[in-house]
Every structure is written in C-alpha cells, then in structure tokens.
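Just below is one structure, and these are the notes that go with it.
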Amino acid sequence: MNNLLRRTITGIVFIVLIMGAILADQQIFSLLFLFITILGLWEFYTLVESDTIRPNKLAGTLTGAFIFSSNAFIALGIASYQLLLFGFLLIFFIFLLELYRKKPNPFTNISYTFLGIIYVAVPFSLLNYFPNPTFCDTFPYNKNYILGFFYLVWVYETCAYVIGTILGKTRLFKSVSPNKSWEGMIGGGIFALTAAWVISNFHTDIAPVNWMVIALIVIAFGTYGDLFESLLKRSNNAKDSGRILPGHGGILDRFDGMLFAAPFVFVYLLLIT
C-alpha cells in the first residue's frame, strides 16, 4: 500500500472518529480527546527525550491529563472552577519530583516537562469549552462551533498539502520546513475562506464575517503551528513525531496546526458570543 493511500484511509477514519464523537455528545468527545491528549503528551516527551534531556514523562502526562479532565468536568457542569486549583498543586509536584530523580540537567528536564503541558494539554483542554464559549450554565451543547472549527482546519491543511505538493515552488520558511510553500498556504487559505462562507450558511449562530475571521485565524496560526512542529522535529532529528497514524506520523503531526489555532479561536469566540 503506497503512502498516499495509507494517508487517505487514515485521514478518513480519523475524521469519521472525531465527527462521530462531536455529533454523539460532549462526554464522548471529551473522552476521545482525553485519550488523544495522553497520547500526544507521551509522544512529545518521547520525541524530545535524549541523553541530556529527560522530561518527567509520567508526571507531565498525568498532570496534562488532569488539566484536560478538570476542564472537561467544568465544561460539562460536573465540577466547579475550584477543581483547577489542584492542577497548580500537580505543577509544583513536578519541581519536587525532580529533586529525587537524580537526572542530569534538572532544570532543562523541568522546562521540557512544562512545555509538553503548555503545548499539548492546554490547547486540547480549551476544546471542551467550544460548545459553550459563554460559560452559561443553561447553554445547550452546541456542536456548530467545534464542528466548524475542525472543518476549517481540515480543509486548510488538506488543500495546502495538495496544492503545495502540485504547485509549490516558493519556500515559506526554508530554514524550518523545506516542503512548506507560499503557494500551498495561499491555495489552502482560499479554500478555507470559501469553506467558511459555506459553513456560515448552515451554522448561523454567528455572523458570516465571524466565520471568515475564524478561517483567517486558522490559516495564520495553523501555519505557525505546522512550522513550530517542524522546528521541533528538526531540532530532534525526527521525520515524524510518531508512528501511530499510518501515512500521517504521530498525534502531533496530525494536530500541529490545531494546537496553535485553538487558543486564538477560543478567545475570539469569547469576544463575539
């Protein structure tokens, strides 16, 4: 089976799984992304681990999982915001545990442990609030924002990849990613803006101009997320972040753009809803 076919099959299964979870209910969506968060954190720590860098993989993964779970419980109305305070305690335990690990470069280890939490767990945690960005207790589970966000990410990334592969000549950021091109970014951006206009005709909770702004956020920060992950892999001499997704690589390879775009889209939703 060639790489394009593997990539296509994996992409279809991946999209069906996420859309099915979103359309089912918020509990299933949160459970799926808790699992994805754990995989992503472990993958990140495995990627950066070396003879001189030893992040606390277990403590970082457990802390990130708790941060995601606590935000999911709050978004679902199961727990109050006080639950987040326990996350701060877990963060300080990372400092304490490093005293007993007796690994070289302890502060580098601590820094990379925190980087995984910030880079992976925090953006995934914010997805829990997309169906209810106003934090209203009586707000129903609104699938439109989260569905629209994922549609735009998928359209942009897929079209940028295809157009970049066919027409890409002008390198976007050659020192970080020799394969990313301006042609791919512009072409993907045009398709993403078109998709935003189409989405605005079906999901009318917010004005069409707001869907366009969300698409622009996805284009800009999705691109930066892709470039950052390329820098991360290049810094660690890795082609892919992992191998869990045939044809795509790892969790971080598949969610790199979303991880950067999600916080900015979330803040924008806060401002307009």
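A short reminder: the numbers here are calculations on the coordinates, not readings from a lab. Nothing here was measured: the structure is a model prediction, and the numbers come from that model. As a convention, Cβ positions derive from the backbone with ideal geometry for all residues, glycine included, and neighbour counts pool all protein chains shown.
Run the dipole for segment 26-137 about the Cα centre, Lys and Arg Cβ at +1, Asp and Glu Cβ at -1, nothing else charged, and hand back the magnitude in debye, nearest 20.
Dipole size: approximately 280 debye.
Just rank Ile251, Ile74, fewest to most, by other beta-carbon atoms within 10 angstrom.
Lowest to highest Cβ neighbour count: Ile74, Ile251.
Against the empirical 2.2 N^0.38 Å scaling, what ratio does the C-alpha Rg of segment 123-273 come to?
Compared with the compact-globule rule of thumb, segment 123-273 sits at 1.08.
When only DSSP loop residues count, what trypsin sites (Lys or Arg not before Pro) in segment 146-175 have their Cβ near at most 14 other Cβ atoms within 10 Å?
Lys169, Lys174
By how many nm would the segment from Asn237 to Ile166 grow when fully extended, if each residue of separation counts as 0.36 nm and the alpha-carbon distance is taken off?
On the way: separation 71, 0.36 × 71 = 25.56 nm, distance 2.64 nm.
Stretched out fully, the Asn237 to Ile166 stretch lengthens by 22.9 nm.
If each residue of separation counts as 0.36 nm, what is the full-extension length gain between Gln27 and Thr8 once their alpha-carbon separation is subtracted?
So the chain would gain 4.0 nm between Gln27 and Thr8.
Run the dipole for the chain about the Cα centre, Lys and Arg Cβ at +1, Asp and Glu Cβ at -1, nothing else charged, and hand back the magnitude in debye, nearest 20. All intermediate terms of the calculation are to be shown ahead of the outcome.
Numbers: 17 positive and 14 negative charges, 159 e Å.
The calculation lands at about 760 debye.
Would you mind ranking Lys239, Lys57 by Cβ crowding within 10 Å, fewest neighbours first? Please list the in-between numbers first.
Working: Lys239 8, Lys57 18.
Taking fewest neighbouring Cβ atoms as first place, the list is Lys239, Lys57.
Could you give me the percent of Cα pairs per 10 Å distance bin for segment 26-137, shortest bin first, beginning at zero and ending with the bin that holds the maximum distance?
Reading the bins upward from 0: 15, 44, 28, 11, 2.
Which ³J(HN,Hα) values in Hz, rounded to whole numbers, follow from the phi angles of segment 10-26 under the Karplus curve 6.51 cos²θ - 1.76 cosθ + 1.60, where θ = phi - 60° and Gly and Pro get x?
4, x, 5, 4, 4, 5, 4, 4, 5, 5, x, 5, 5, 6, 5, 5, 5
Tell me which lysines have Cα within less than 19 Å of Lys169's Cα, excluding those fewer than 8 residues away on the same chain?
Excluding near neighbours in sequence, the set is Lys180.
Treating cross-link reach as a plain straight distance, find the aspartates and glutamates whose alpha-carbon is under 19 Å from the alpha-carbon of Lys174, omitting any fewer than eight places away in the same chain.
Within reach: Glu157, Glu183, Asp226, Glu229, Asp240, Asp253, Asp256.
In the chain, with Lys and Arg counted as +1 and Asp and Glu as -1 at Cβ, which of these residues, Ser70, Val16, Asn109, has the Cα nearest the positive end of the dipole, that is, farthest along it?
Farthest towards the positive end: Asn109.
With r as the distance between the Cβ atoms of Thr158 and Leu216 and R0 = 22 Å, compute the FRET efficiency 1/(1 + (r/R0)^6) and round to 0.05.
0.80
Counting only helical runs of four or more DSSP H residues, what would the 222 nm mean residue ellipticity of the chain come to if each run contributes -39,500 (n - 2.57) and the total is spread over all its residues?
Mean residue ellipticity at 222 nm (helix-derived): -24500 deg cm²/dmol.
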